[in-house]
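Visitor: Take a look at the following structure, please.
The values are calculated or read from the model by the stated rules, or taken from the named source; none is laboratory data. As the structure is a computational prediction, the values presented were derived from the model and not from experiment. Positions of Cβ are generated from backbone atoms using ideal geometry, with glycine treated the same way; all protein chains shown enter the neighbour counts.
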Amino acid sequence: MRRVRFHAYGGPEVLRLEEAEDPVPGPGDLLVRTEAIGVTLPSVRRVRGDGKGGGDPLPGVIGGEIAGEVIAIGSEVTGFAVGDRVTSLTLTGSYGELALAPAFLASRIPDGASAVEAVALVRGGHVALAALSTAAPAGGESVLITGAASGTGHLAVQLAKLQGVPRVVAAVSSPAKAEFLYGLGADEVVTYDQESWGEPVDIVLDGVGGELLPRALAAVAPGGRLIFFNSGGGTVPAYELLAGAKTITGLTMRRFSTVHRERYERHREELWELAGAGRLRAAVHAELPLADAAKAHEIIEGRANLGKVVLRP
Ligand SMILES: NC(=O)c1ccc[n+]([C@@H]2O[C@H](COP(=O)([O-])OP(=O)(O)OC[C@H]3O[C@@H](n4cnc5c(N)ncnc54)[C@H](OP(=O)(O)O)[C@@H]3O)[C@@H](O)[C@H]2O)c1
């Protein structure tokens, strides 16, 4: 099969399309012929040697989400068969014509939905719903979302409105993203460099972190909460928590999907129901061939995407 790896840390230019042995499914795996592969900020960061916990071993493989057809199954897999169309998170890389999907992270793609839609909807939608359900906005509470035009953020904006949040503020790096976000239902759009982000909010869903974290925390009203789910790290100004009686809660999908298994399953159904009814739109910013993985990473590094960036093998 053909796959993309990197042999040195760096920018998009270090990505190499190579021939490789086909992966062999372990007992709990599905072997999937990929039809769509999601590009995400955490993968882009790992190529820079900037992943969680430091640099990956080299040569590095990246990519955490796929959709495609099951072509083989591991000896212990139940509930899936060869020929099923699935979408899944992957744990051993996904930038290839074939990828291994742990069966416990996979789900079937409903009839009539495309692989690209599945990749654009499911991972980002799960993160958005997990962040919203962790924050649990009560009646009348307001929400601000950083990285609001990202694959995850643009779904969070729509889902917050669908959950009845009266004031959803979308925070982004560029005013060029405003029209897109108003089109998805945002009530206000602010850019990070604006002096004021308007009235403080009850809840911040922070998909950016890093240097923006103190700013995001300052936007939380006294007694409010910030859900921290980004790969940007950052330092918390602890006195602000004390003085404003604010709360920060961390969220990873790895933990949420296992500890809150029932909620996670419900969220998957909810996403497909909303998408099927035309109430939730997974926007695809760009679809590029696998050979153009570097171009896909350039889009993310340029912070230009309006929605999801997808590779097609
Ligand atoms: N906790 C979890 O389990 C989990 C799971 C999935 C994703 N996430 C997090 O959710 C966030 C969004 O991920 P995604 O895959 O949906 O994003 P994406 O579609 O790849 O979009 C990336 C966007 O992030 C923003 N951004 C912030 N800092 C950036 C930087 N240093 N370089 C490039 N872009 C930057 C940019 O928008 P602006 O320029 O407008 O800021 C950019 O358009 C990430 O922080 C990711 O780590 C967390």
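Visitor: If you scan the range 288-300, which residues turn out to be within 14 Å of the ligand (Cβ to nearest atom) and either within 11 Å of Gly38 (Cα to Cα) or touching a helix residue (DSSP H, G or I) at 6+ places or on another chain (Cβ under 6 Å) (or both)?
Guide: Those that are within 14 Å of the ligand (Cβ to nearest atom) and either within 11 Å of Gly38 (Cα to Cα) or touching a helix residue (DSSP H, G or I) at 6+ places or on another chain (Cβ under 6 Å) (or both): Leu288, Ala293, Ala296, His297, Glu298, Ile300.
Visitor: Condition (residue is surrounded by fewer than 17 Cβ atoms within 10 Å (Cβ to Cβ), within 11 Å of the ligand (Cβ to nearest atom) and either in contact (Cβ under 8 Å) with a residue 40 or more places away in the chain or not in a strand (DSSP E or B) (or both)) applied to the range 253-262: is it met by at least one residue?
Guide: yes
Visitor: Say we look at the range 210-232 and pick out the residues that are within 9 Å of the ligand (Cβ to nearest atom) and out of contact with any helix residue (DSSP H, G or I) (no Cβ under 7 Å at 6 or more places or on another chain); which of these is nearest to Thr40 (Cα to Cα)?
Guide: Asn230
Visitor: Which of the residues spanning the range 272-313 are in contact with a Lys or Arg (Cβ under 8 Å, 6 or more places away or on another chain) and of a type in the set (Val, Ile, Thr)?
Guide: Scanning the range 272-313 gives a single hit, Val284.
Visitor: Another one. Any idea which residue in the range 76-102 is nearest to Leu121 (Cα to Cα), counting only those that are among the small types (Gly, Ala, Ser) and under 16 Å from the mean Cα position of the chain (by Cα)?
Guide: Looking at the filtered set, the residue picked out is Ser88.
Visitor: If Ala277 satisfies all but one of (1) surrounded by fewer than 16 Cβ atoms within 10 Å (Cβ to Cβ); (2) in contact (Cβ under 8 Å) with a residue 24 or more places away in the chain; (3) under 24 Å from Ala113 (Cα atoms); (4) of a type in the set (A, V, I, L, M), what's the number of the condition it fails?
Guide: (2)
To keep it simple, each residue is scored yes or no on (1) within 13 Å of the ligand (Cβ to nearest atom); (2) in a helix (DSSP H, G or I); (3) modelled with pLDDT under 95.
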position	(1), (2), (3)
Ser150	yes, no, no
Gln158	no, yes, no
Lys177	yes, yes, no
Gly198	no, no, no
Ile203	no, no, no
Val208	yes, no, no
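Visitor: Name the residue, out of Thr235, Thr247, that is surrounded by fewer than 18 Cβ atoms within 10 Å (Cβ to Cβ), more than 8 Å from the ligand (Cβ to nearest atom), of a type in the set (S, T, N, Q) and more than 30 Å from Glu301 (Cβ to Cβ).
Guide: From the options Thr235, Thr247, the qualifying one is Thr247.
Visitor: Filter the range 192-223 down to the residues that are acidic (Asp, Glu) and surrounded by 20 or more Cβ atoms within 10 Å (Cβ to Cβ), then identify the one that is farthest from Gly139 (Cα to Cα).
Guide: In this case the residue turns out to be Asp206.
Visitor: Among the numbered criteria (1) within 11 Å of the ligand (Cβ to nearest atom); (2) out of contact with any Leu (no Cβ under 9 Å at 6 or more places or on another chain), which one does Asp111 miss?
Guide: (1)
Visitor: What are the residues in the range 86-111 that are more than 30 Å from Leu58 (Cβ to Cβ), without any contact (Cβ under 8 Å) to a residue 40 or more places away in the chain and either of a type in the set (Gly, Ala, Ser) or loosely packed, with under 15 Cβ neighbours inside 10 Å (or both), if any?
Guide: Of everything in the range 86-111, just one residue is more than 30 Å from Leu58 (Cβ to Cβ), without any contact (Cβ under 8 Å) to a residue 40 or more places away in the chain and either of a type in the set (Gly, Ala, Ser) or loosely packed, with under 15 Cβ neighbours inside 10 Å (or both), namely Asp111.
Visitor: Another question, if that's okay. Hey, can you tell me all the residues within the range 288-313 that are in a strand (DSSP E or B), farther than 22 Å from Ser173 by Cβ and either touching a residue at least 40 places away in the same chain (Cβ under 8 Å) or within 15 Å of the chain's Cα centre (by Cα) (or both)?
Guide: Selection gives Leu311, Arg312.
Visitor: Within the range 1-37, restricting attention to residues that are small (Gly, Ala, Ser) and outside any strand (DSSP E or B), which residue is surrounded by the most Cβ atoms within 10 Å (Cβ to Cβ)?
Guide: Among residues in the range 1-37 that are small (Gly, Ala, Ser) and outside any strand (DSSP E or B), the one surrounded by the most Cβ atoms within 10 Å (Cβ to Cβ) is Gly28.
Visitor: If you don't mind, there's one more thing I want to ask. If I filter the range 52-85 down to residues being under 23 Å from Ile300 (Cα atoms) and free of Cβ contacts under 8 Å to residues at least 24 places away in the same chain, which single residue comes out as farthest from the ligand (Cβ to nearest atom)?
Guide: Restricting to residues being under 23 Å from Ile300 (Cα atoms) and free of Cβ contacts under 8 Å to residues at least 24 places away in the same chain, the top hit is Pro57.
Visitor: What number goes with the only condition from (1) over 24 Å from Val310 (Cα atoms); (2) in contact with a strand residue (DSSP E or B) (Cβ under 7 Å, 6 or more places away or on another chain) that Ala170 does not pass?
Guide: Condition not satisfied by Ala170: (1).
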